[in-house]
Every structure is written in structure tokens, then in C-alpha cells.
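The values are calculated or read from the model by the stated rules, or taken from the named source; none is laboratory data. Remember, predicted model here, so these are calculated numbers, not experimental data. A quick note on method: Cβ atoms are made from the backbone with ideal geometry, for glycine too, and the neighbour counts reach across all protein chains shown. For accessibility, only protein heavy atoms count, side chains too; no ligands or nucleic acids. Shrake-Rupley method; radii C 1.70, N 1.55, O 1.52, S 1.80 Å.
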Amino acid sequence: DAMVIQNPRYQVTQFGKPVTLSCSQTLNHNVMYWYQQKSSQAPKLLFHYYDKDFNNEADTPDNFQSRRPNTSFCFLDIRSPGLGDAAMYLCATSRDYVGNQPQHFGDGTRLSIL
Amino acid sequence: AQKITQTQPGMFVQEKEAVTLDCTYDTSDPSYGLFWYKQPSSGEMIFLIYQGSYDQQNATEGRYSLNFQKARKSANLVISASQLGDSAMYFCAMRGTQGGSEKLVFGKGTKLTVNP
């Protein structure tokens, strides 16, 4: 059974039209992460939550926002998507910050911009 | 700052043979963890194996083993008896346990192709 679930798997939006990607988890993990992965590149961390504490990466564009209304759900909002935002978006969780715990990833949402 | 280097953009292996995917790392943290993930073309990231910096033995998980050489700062992934389903991108990643433990730093990945 999937433990980190991302919806939808594929998302198409128009240039400049706000879009929201969702992630849910059944693991009851404290930490939830959002990564952006462009073609043939490594995942790039955008931000993460430890419980309700939000941690933004310094180089994450202001165009990207996130919400975590409860332990199970986390959302990625792109306020005005540009062509350069077309990518795979990966959600991941980990129980805590302890270094030996793997991050568990969802299947990703592939975002296309028209 | 932590850094992961994967020098092999692509690797080819015959089905049923073993293959080694290289990973070197750089960190000033005395305690750290190294992870390998598999990413098929469908996009999901699958955790394969973990090696802690203080672990005395090399990690093994089924057909996956990690050749950990701490003095050389290398953590190569060995896949034995390759299968067609092993064709995927493989990412080496590091997580520090002091200052920066909330992040995984990824290498650029190696694309493995298993030939029948």
C-alpha cells in the first residue's frame, strides 16, 4: 500500500495560472519535504516542514509556497507558473531528523506548463 | 558543505552480471549517512540501502550491497545478478547528522541499462 501519495500524477496548467499539488502520508512522520526535479537532474529541495515549522531553502523562488494543515497533508502552491517550472515534483517524508532514517518518496507529480 | 559526486552518467550491464555504481562524497561532519535510491522512468524514488559512517560492516539488502571505504570517502553500490527491471536512474545521497541533518544532498545520478 502506498504510504506517501501524491495527486495528481500528471498536471497540466497554463502559463501564469495558479496550481496546487498535494501530498498525503499514512506514516505519521514528522517531516515532509517538497523537491523539484527537472529532466536528467537530481532532485532539488524546495522546502520542508518539521511538524508545523516551515523551513524554506534560500534559493526557492517566492512563486512557490507550501501549506501543511495537519500531519498527514502537505500542499505545494505555485502562484504564477512559468515555463521553467515544468518538472517532476516529489514529496517525501521522514520520521524525524535523525540521520539514519531514509526519506520515503511518493510517486511524484509531473507538471507541464502550456 | 556536503557534496556527492557520481562520475558515471551512464552504465551498461548484461543481464545476470554484477555492476558497480560509483559514489564519492565530501563532508566535514564526523557523523553522516549515505543512501542509495533507484528512480525508474515512471518517476518514483525507491530507497535501496543505507550506510552509516560509524557502521563497522558494509550494508547489504538482498542483491544490493554497499562497498563503503571511509578513508577514500566512497560508497559504491554493487548490484549482483542484474535484472532487466534494474534499468533505472540511481542516485547516491548523503545526510549529515550535525547541522544539515534535515537535508539529503543528492548526486547527479547514474543511468543504468541492463541488456538482455
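Which one of the conditions (1) within 14 Å of chain A (Cβ to nearest Cβ); (2) open to solvent by less than 10 Å² (accessible area, probe 1.4 Å) does residue B:105 fail to meet, given that it meets all the rest?
Looking at each condition in turn, residue B:105 falls short on (2).
Since residue A:30 meets every condition but one in (1) of a type in the set (S, T, N, Q); (2) without any contact (Cβ under 8 Å) to a residue 24 or more places away in the chain; (3) open to solvent by 20 Å² or more (accessible area, probe 1.4 Å), which condition does it not meet?
Answer for residue A:30: the failing condition is (2).
Are there any strands (runs of 3 or more DSSP E) wholly within the range B:14-116 with 1 or more residues that are β-branched (Val, Ile, Thr), and if so which?
B:19-21, B:24-26, B:46-52, B:74-79, B:110-115
In contact with a helix residue (DSSP H, G or I) (Cβ under 7 Å, 6 or more places away or on another chain), more than 14 Å from chain B (Cβ to nearest Cβ), surrounded by fewer than 20 Cβ atoms within 10 Å (Cβ to Cβ) and closer than 26 Å to residue B:42 by Cβ: does that describe residue A:78?
The answer is no for residue A:78.
Give the range B:6-48 a look and list any residue that's open to solvent by 30 Å² or more (accessible area, probe 1.4 Å), away from chain A (no Cβ under 12 Å) and hydroxyl-bearing (Ser, Thr, Tyr), or say none.
B:7, B:20, B:24, B:28, listed by residue number.
Go through the residues of the range A:31-51 one by one and say whether even a single one is in contact with a Leu (Cβ under 9 Å, 6 or more places away or on another chain), among the hydroxyl-bearing types (Ser, Thr, Tyr) and part of a strand (DSSP E or B).
yes
For the range B:37-58, does any single residue satisfy the condition of being over 28 Å from residue A:109 (Cβ atoms) and under 12 Å from the mean Cα position of the chain (by Cα)?
Looking for residues that are over 28 Å from residue A:109 (Cβ atoms) and under 12 Å from the mean Cα position of the chain (by Cα), one finds at least one in the range B:37-58, hence yes.
Between B:52, B:109, B:100, which is at pLDDT below 95 and under 21 Å from residue A:35 (Cβ atoms)?
It is B:100.
Report yes if some residue within the range A:49-69 is within 19 Å of residue A:19 (Cα to Cα), more than 12 Å from chain B (Cβ to nearest Cβ), crowded, with 20+ Cβ neighbours inside 10 Å and among the aromatic types (Phe, Trp, Tyr); otherwise report no.
no
Conditions first: (1) more than 14 Å from every other protein chain (Cβ to nearest Cβ); (2) open to solvent by less than 50 Å² (accessible area, probe 1.4 Å); (3) more than 18 Å from residue A:7 (Cβ to Cβ). Residue A:83 passes all but one, so which condition is the exception?
(2)
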